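Take a look at the structure set out below.
The values are calculated or read from the model by the stated rules, or taken from the named source; none is laboratory data. Quick caveat: nothing in here was measured; it's all calculated off a predicted structure. As a convention, Cβ positions derive from the backbone with ideal geometry for all residues, glycine included, and neighbour counts pool all protein chains shown. For the accessible areas, the whole protein counts, side chains as well, though only heavy atoms, and no ligand, DNA or RNA atoms are used. Shrake-Rupley method; radii C 1.70, N 1.55, O 1.52, S 1.80 Å.
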Amino acid sequence: MEKTWWKESIVYQIYPRSFRDSNGDGIGDINGIIEKLDYLKDLGVDVIWLSPVYESPNDDNGYDISDYQKIMNEFGTMEDWEELLAEIHHRGMKLIMDLVVNHSSDEHKWFQESRKSKDNPYRDYYIWRPGKKGKEPNNWKSSFSGSAWEYDENTDEYFLHLFSKKQPDLNWENPKLRQEIYKMMKWWLNKGIDGFRMDVINFISKVPGLPDGPEKPGEKYASGGKLYRDGPRIHEFLQEMNEEVLSKYDVMTVGEMPGVDVEEAKKYTDHRRRELKMVFTFEHMNLDSGKGGKWDLKPLELTDLKENLSKWQTGLHGTGWNSLYWNNHDQPRIVSRFGNDREYRVESAKMLGTFLHMLQGTPYIYQGEEIGMTNVQFDSIEDYEDIEIRNMYYEKVVEGNEDPDKVMESIYVKGRDNARTPFQWNNQPAAGFTTGEPWLKVNPNYKAINAEQAVTDENSIYHHYRKLIQLRKHHPIIVYGDYHLILPEHDKIYAYLRTLENQKLLVITNFSAENVSFDLPENVEFEAKKLIIGNYATEETDNPTNFTLKPYEARVYKGI
Ligand code: NOJ
């Protein structure tokens, strides 16, 4: 297998709005990030992924971009950004930027032009269609509730928006648009950035003719299902982008791809095909959703997680490359989700981190994960800022008369604002995030859960993550070894073996709040030499092939 820096890196995602506010306006900013770079360096981070910092009216917190080559005023200036890049590089870290080119903001000058007239030169930069029998051109739904089409009186046509109506989809069928995007990408790359995370990049090719989809209640994004993603030209577009832009730089790329499966992911990440380095799958993030979609809550079955992650581990091994993640700005906090944020917060956060960081792939840490930040419960819908939450609440409660308590419960479990509450730096007012009024309320648990506490406590989740990162840097088996699932049927223990040449690692994790006995199956050849990391004090005399795991215990043995 080819060895590369991005396979060996650990990525840390910053959601700038919520990371650190340096000027007291309640909104995180670039200078705030600069202040905290040493914290990230000490953690062991190699690459920083910065969620969008471009000019935006903030309908979707920066994922609606009105100028791809300007910095949002609230976040600072281009000079601040340049200083950030220089300071990151100065510390030996790298920076990848968010590339949001399935759609722009409706306030982008291209769209402003496009909507003016049917013969405007920018008309075909977006996807316009006449209505059908006085209704929308098809039945696709927006990811943020309601139809994916918005009527524009000016030209008596509808434009497509798979997200909010202030995020019109760009028309990748138009070669001129593609050239504009490539030019913009090169402009950033020439400034010295180290790659891109690409927002919903498998949505850029839609099925021609944009046909109606089958009506399936709860289907995520659009009832168009597979019709608006992974379309027939997707690989062609990515290969063109690679040829014209990416191949000219030594960069890492990760494509966010809702709905992608292992077979497609192999194509996207097989280096011989020259498309992307890795993708973000959503499959493991959907295992705790019922048939009704994201808001239809269902407990996670550990055996489903095993089946799914094992498929990805073995499926991409040797051909493509996995990204490993539990959290990002769209997902609830993992310790509240698959762990236990009450009596076993520290143990379960360490277990989940250990489990993920010992897999093959590039691990991503989302801000606050390393200190075990948890989900939040605000009393009122008014305290939530996220457009997805607000629109869903409106559709279900105001228009649909659903039980508001039940809907609030689903927001508590799955809402994106769980991930977006301000970073908890210390136990001072507003958790040391700002001296002003934070744009989104701080999680009230900040007095106990904060970075200052975590850094000073050597048994903290933070120090455990540091250790995990160091282990990966010193043991190539963690990066490059094969993966073998053990005990596939067990509903509480997830154990796997990694092997590389004559080396072995045994990873044993308990996903439950109970004591569970572990017996290494007889057909697994493993002789433990050393416990390299664990989340409980362990006796040297413990027999690693047969013992009782404590609640959320994790152990990793090096062996032969
Ligand atoms: C995925 C991003 O991660 C999410 O935050 C955003 O709302 C949508 N794409 C639309 O850009």
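Can you give me the distance in nm between label points at ASP403 and GLU522, each placed 7 Å from the Cα along the Cα-to-Cβ direction?
Taking the two extended label points, one gets 5.1 nm.
In whole Å and largest first, what semi-axes does the C-alpha gyration tensor of segment 109-160 yield when each eigenvalue is scaled by 5 and square-rooted? If you can, show how the numbers build up before the last one.
Numbers: eigenvalues 78, 33, 13 Å².
Those come to 20, 13, 8 Å.
Using a 1.4 Å probe, what is the accessible area per residue for the chain, in Å²? Mind dumping the intermediate values first?
Details: 22150 Å² over 560 residues.
Counting only protein heavy atoms, the per-residue value for the chain is 40 Å².
Among ARG390, ARG555, ARG337, what's the order by accessible area (1.4 angstrom probe), most exposed first?
Result of the area sort, largest leading: ARG390, ARG337, ARG555.
Direction-averaged shadow area of the convex hull around the Cα atoms of segment 223-282, nm²?
Details: hull surface 16.5 nm².
Value for segment 223-282: 4.1 nm².
If I fit a long axis through the Cα atoms of helix 345-357 and take the longest principal axis of the Cα atoms of the chain, what angle between them do I get, 0 to 90°, rounded to 10?
Taking Cα atoms only, the helix is inclined about 80 degrees.
Computed over the Cα atoms of segment 482-559, what is the ratio Rg over Rh, Rh following Kirkwood?
Rounded to two decimals, Rg/Rh equals 0.93.
5 Å is the cut-off here: which amide hydrogens, built 1.01 Å from N in the peptide plane, fall below it relative to PHE547, excluding neighbours closer than 5 in sequence?
Those qualifying (amide H under 5 Å, at least 5 residues apart or on another chain) are PHE518.
Using a 1.4 Å probe on the protein heavy atoms only, what accessible surface does LYS441 show? Give it in Å² to the nearest 10.
Approximately 100 Å² for this residue.
How far apart, in nanometres, would the label points at TYR394 and TRP5 be if each is projected 7 angstrom from Cα along the Cα-to-Cβ direction?
For the pair TYR394/TRP5, the computed spacing is 4.5 nm.
If contacts are Cα pairs under 8 angstrom and at least 6 residues apart, what is the relative contact order of segment 482-559 in percent?
Relative contact order comes out at 34 percent.
Please work out how much length the chain gains when fully extended from LYS529 to THR319, using 0.36 nm per residue of separation minus the C-alpha to C-alpha distance, in nm with one decimal.
Roughly 72.5 nm would be gained on extension.
Tell me, how many Å apart are the Cα centres for segment 290-364 and for segment 56-104?
28 Å
Give the whole-number value, in cubic angstrom per residue, of the convex hull volume spanned by the C-alpha atoms of segment 1-99.
105 Å³
Throw me the Rg/Rh for segment 332-443, computed over C-alpha atoms with Kirkwood Rh, two decimals.
With Rh from the inverse mean 1/r over Cα pairs, Rg/Rh is 1.02.
Only Cα pairs under 8 Å and at least 6 apart count here; give the relative contact order of segment 121-236 as a rounded whole percent.
25 percent
Label-point separation (nm) for THR538 and ARG91, each offset 7 Å from Cα along Cα-to-Cβ?
About 3.1 nm separates the two model spin labels.
Using alpha-carbon pairs under 8 Å, 6+ residues apart, how would you state the relative contact order of the chain in percent?
13 percent
Do any GluC sites (Glu not before Pro) in segment 166-217 lie in a loop, going by DSSP, with at most 13 other beta-carbon atoms within 10 Å of their beta carbon, and if so which? Provide the component values of the computation, followed by the final result.
Values: sites: GLU173, GLU180, GLU215; in loops: GLU173, GLU215.
Taking segment 166-217 and a limit of 13 other Cβ atoms within 10 Å, the loop GluC sites (Glu not before Pro) found are GLU215.
What's the carbon and sulfur percent of the chain's accessible surface, probe 1.4 angstrom, rounded to a whole number?
With neighbouring chains kept in place, the figure for the chain is 45 percent.
Based on the Kirkwood radius over alpha-carbon pairs, what is the Stokes-Einstein translational diffusion coefficient of the chain at 20 °C with 1.002 mPa s viscosity, in µm²/s?
Approximately 88 µm²/s, per Stokes-Einstein.
Applying 1/(1 + (r/R0)^6) with R0 = 51 Å to the Cβ-Cβ distance of GLN428 and LYS133, what FRET efficiency is obtained, to the nearest 0.05?
0.30
Strictly greater than 24 Å: what percent of every Cα pair in segment 410-560 meets that?
That fraction is 49 percent.
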